[in-house]
Structures are given as structure tokens and as C-alpha cells.
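K.L.:
Here it is, the structure, as C-alpha cells.
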Amino acid sequence: MGERKGQNLYYPPDYDPKAGGLNKWQGTHALRERARKIHLGILIIRFEMPYNIWCDGCKNHIGMGVRYNAEKKKVGMYYSTPVYQFRMKCHLCDNHFEIKTDPQNLDYEIVSGARRQENRWDPTQNEQIVPETKEVQRKLFDDAMYKLEHGAKDTKAAEEAKPVLGRLFQRNDSVWRDNFEANSRLRAQFRTRKKELKLQEEKDNALLARSSLAVALLPESDNDRRMAQLMRLHSSKTVHEKDKERRNAILNRPVLPSTCSGKQSIGAKQSNAKLECKSLGIVKRPASSIGKPDSSSEQMEQEKRPKLVEIAPEKRAEATTTSKAGTETRPQLLLCNYGSGSSDSD
């Protein structure tokens, strides 16, 4: 569009390109009436009121945002930032007021013709978040102790502000509560939950029908799923492996029961295969008592008639060594009674 505007300018027949552009040839400024005081360093701009003021001429209130045609001129410098001043006429009277910029405080300052309506306050007293100044930022960067203290103060202020924030949230909930919206959300949750319950009920009924059960199924949990993954329906060992283990256990088991006395001899410890006489039903008797049995023994001998068996010399030596307890004894004969009524007293 800008190119077409440049091309569609009207050039009169007496225009001389050597004179320059059309504005220079006609002796006018590109801003037309806005630059009528450009030779004085004044430019006409559209200025918007930055805050509420009271006019000194008519004592009327002029609100923030009202626009005026103001004369703009440069009146100074703040470091490398120019300071501009604006002069405008009140729309309710003939009074003029002037306002200039304040780059140091990032604000506007009234020079004359009006006064500001004071609506300013200290943001720290109003519990507002105030940006840190450059001095404080520099100190936070350089001083670690000051940074720690500053952080502790911020934490304390946050703890103190929690009750106030809670009351504000409650107030907003009571003021801006929308019962229709809350009811709509609640009904939507109920519909979603109802669909989930219906789907779960269909799955449970299918499982009960497949299993021929008539019990109430509890809802699933993560623990149930984990235990189901760990369980197996088949044994960890096959039938052949179990039979092989049972057969090896039978083969390795001793035929005769093991006998363990309180005091075992050295020979018994070395050879586990040797057994005691009592476990085999052999009773030891002295030779002198064989010819003189008592009355009870005579009756038992008549009924069962035990046989006297003389042990071989090598067997007798083994028996005598096992029965020794530090002293030598006389050689004894061993009487075997294989009857069912044998006892130690026989």
C-alpha cells in the first residue's frame, strides 16, 4: 500500500525534480498542521492523560485516559534519556496545564495548571509484590548474608500471608459461586462413574457365568493384579522329577534306625554302621548267673525256651571293647531271646 501511495502522488506540470520532493517544492511539512511550530522545536501530538487530575481553572475533574492535542517539546536530559514536556488546553475552560516526563521515577509530573488526584499508596503496606530496586538487586548479588536474610524475610511474609489468602479464596468462592456450573460438573462425574460401574458389572457377570459361581466379586486392586501375575497354575516340578526325588530319598535313607547314646565310644564314632546289642534284641548276662536262674526266669524259660548262643571270639572282642568304661570286666556270654515277650529283666 505504501508503494502505491508513493506512486499515485499528483505532480503538477510546473514541478521541477531538481527542487527535491513535492513537500520541499511546495514549502510544506510532511506532518502538515502538526508541524506548524516545528521551527520552535514544538510538535503537535495526541496526548492521553496518565492519571486523574483537577483543573486549576474550572476546578473540574479530568479522568485518566482523556486525550488532548498537546504541544510536545524537549526540555532536558536524564542521562541519555530525553525529558519531554506537554502543554494542552482544558476542554472545559480556557486554562492550560503542562505535564513533563520523569524518567527517574518512571512517572509523569505536573508542572503547572493542574494538580494530581492522590490515589497513590505504599505497595508494601498494601501487601503487594514490589519489584526490587537496582541497589537491592546489586546487594543480593554481592552479599550472601544479606541474601540469606532477605530470603528468610520472604519466607516469613509468605507464612503470614497464608491465612489472608485462605480467607480471600473463601470469599471469592462465596461471591463467584455458580451453582449451575457446579451441578453440571457433578452430574457429568456421576454419568461417567455410572458408565464405569455398568461396564464392570457386565464383566463380573460374564466371569461368574463362565465360572458357574454365584458370589459377589470385590473390585480389583493393584495388589490383586500383582499377586495374580506372580501366581502359576502348574507346579514348578514335573511328575517324573518328583518321583526321582522320592526314589533318591528312599535309597539314601538308612535301613536300620540310628541309635545315639549319651556316651559313645571312639569305635562307634568312627564306624556308624555298627549297632548296639539292645537295638538287635541281644541281652548280656554274666556266666555265673546262667546256671542259677530265678523263679520268674525259670517259668519264662519253660514257656519260651531261650537258646544260649556263644559269640565268636572276634565278635566277643568287639562287644567287650564297646562295653568298657575305663575298667576291665570278666568275659560274658550273650543270651539271645527272639520271643515276643523279651525284656531287659529276662
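K.L.:
Once the convex hull of the C-alpha atoms of segment 134-177 is built, how many Å³ does it hold per residue, rounded to a whole number?
P.N.:
Once divided by residue count, the hull of segment 134-177 is 80 Å³.
K.L.:
Between the alpha-carbon centers of segment 61-126 and segment 188-221, tell me the distance in whole angstrom.
P.N.:
About 73 Å separates the Cα centre of segment 61-126 from the one of segment 188-221.
K.L.:
With a cap of 16 neighbouring Cβ atoms within 10 Å, and only residues DSSP puts in a loop, list the trypsin sites (Lys or Arg not before Pro) found in segment 152-186.
P.N.:
Answer by residue number: Arg177.
K.L.:
Here is a follow-up. Would you mind checking which residues have amide H under 5 Å from Asn60's amide H? H placed 1.01 Å from N; only 5 or more apart, or other chain.
P.N.:
Those lying under 5 Å, H to H, from Asn60 are Cys55.
K.L.:
For Asn95, which sequence-distant residues (separation of 5 or more, or a different chain) have an amide H within less than 5 Å of its own amide H, given hydrogens modelled in the peptide plane?
P.N.:
For Asn95, the qualifying residues are Cys90.
K.L.:
Per-residue accessible area for Arg187 at 1.4 Å probe radius, Å² rounded to 10?
P.N.:
The value for Arg187 is about 140 Å².
K.L.:
Right, next: P(r) of segment 1-135 in 10 Å steps, Cα pairs, percent per bin?
P.N.:
10, 27, 25, 19, 13, 5, 1, 0
K.L.:
What value does segment 174-231 have for Rg/Rh, both radii from Cα atoms and Rh as Kirkwood defines it?
P.N.:
When Rh is taken as the Kirkwood radius, the ratio is 1.25.
K.L.:
Residue farthest toward the positive end of the dipole of segment 134-177, with Cβ of Lys/Arg at +1 and Asp/Glu at -1: which of Leu165, His150, Trp176?
P.N.:
Trp176
K.L.:
What number results when the radius of gyration of segment 118-223, computed over Cα atoms, is divided by 2.2 N^0.38 Å?
P.N.:
The reported ratio for this selection is 2.20.
K.L.:
Same structure, new question: With θ set to phi - 60° and the Karplus curve 6.51 cos²θ - 1.76 cosθ + 1.60, what are the ³J(HN,Hα) couplings of segment 183-189 in order, to the nearest whole Hz, using x for Gly and Pro?
P.N.:
Rounded to whole hertz, the list is 5, 5, 5, 5, 5, 5, 5.
K.L.:
Evaluate the charge dipole of segment 99-206 about its Cα centre and quote only its size in Debye, nearest 20, assuming +1 on the Cβ of each Lys and Arg and -1 on the Cβ of each Asp and Glu. Intermediate results must be reported in sequence, preceding the final value.
P.N.:
On the way: 22 positive and 21 negative charges, 136 e Å.
Result for segment 99-206 is approximately 660 debye, rounded to the nearest 20.
K.L.:
Now a separate question. Can you tell me the dipole magnitude for segment 21-116 around its Cα centre, using point charges on the Cβ only (Lys, Arg +1; Asp, Glu -1), in Debye to the nearest 20?
P.N.:
380 debye
K.L.:
Another question, then. ³J(HN,Hα) across segment 192-200 via Karplus (A = 6.51, B = -1.76, C = 1.60, θ = phi - 60°), whole Hz, x for Gly/Pro?
P.N.:
Residue by residue, segment 192-200 yields 4, 5, 5, 5, 5, 5, 5, 5, 5 Hz.
K.L.:
I'd like the chymotrypsin sites (Phe, Trp or Tyr not before Pro) in segment 3-64 restricted to DSSP loop residues with at most 16 other Cβ atoms within 10 Å, sorted by number. Let's see the in-between values first.
P.N.:
On the way: sites: Tyr10, Tyr15, Trp25, Phe47, Tyr51, Trp54; in loops: Tyr10, Tyr15, Tyr51.
Answer by residue number: Tyr10, Tyr15.
K.L.:
Would you mind working out the magnitude of the charge dipole of segment 134-177 relative to its Cα centre, with +1 at each Lys and Arg C-beta and -1 at each Asp and Glu C-beta, to the nearest 20 Debye?
P.N.:
220 debye
K.L.:
Below 29 Å Cα-Cα, how many Lys pairs turn up in segment 18-119? Only count pairs eight or more apart in sequence, or on different chains, if you could.
P.N.:
Lysine pairs, 8 or more places apart or on different chains, close enough: 22.
K.L.:
Based on the Cβ-Cβ distance of Leu230 and Ala144, what FRET efficiency does E = 1/(1 + (r/R0)^6) give at R0 = 51 Å, to the nearest 0.05?
P.N.:
Computed FRET efficiency for Leu230 and Ala144 comes out at 0.40.
K.L.:
Which of the chymotrypsin sites (Phe, Trp or Tyr not before Pro) across segment 101-176 are loop residues per DSSP, with 10 or fewer other Cβ within 10 Å?
P.N.:
The qualifying sites are Trp121, Trp176.
The values are calculated or read from the model by the stated rules, or taken from the named source; none is laboratory data. Here the structure is a predicted model, which means the values were calculated and not measured. Counting neighbours? That spans all protein chains shown, and the Cβs are built from the backbone with ideal geometry, glycine included. SASA here: full protein model, heavy atoms, side chains in, ligands and nucleic acids out. Shrake-Rupley method; radii C 1.70, N 1.55, O 1.52, S 1.80 Å.
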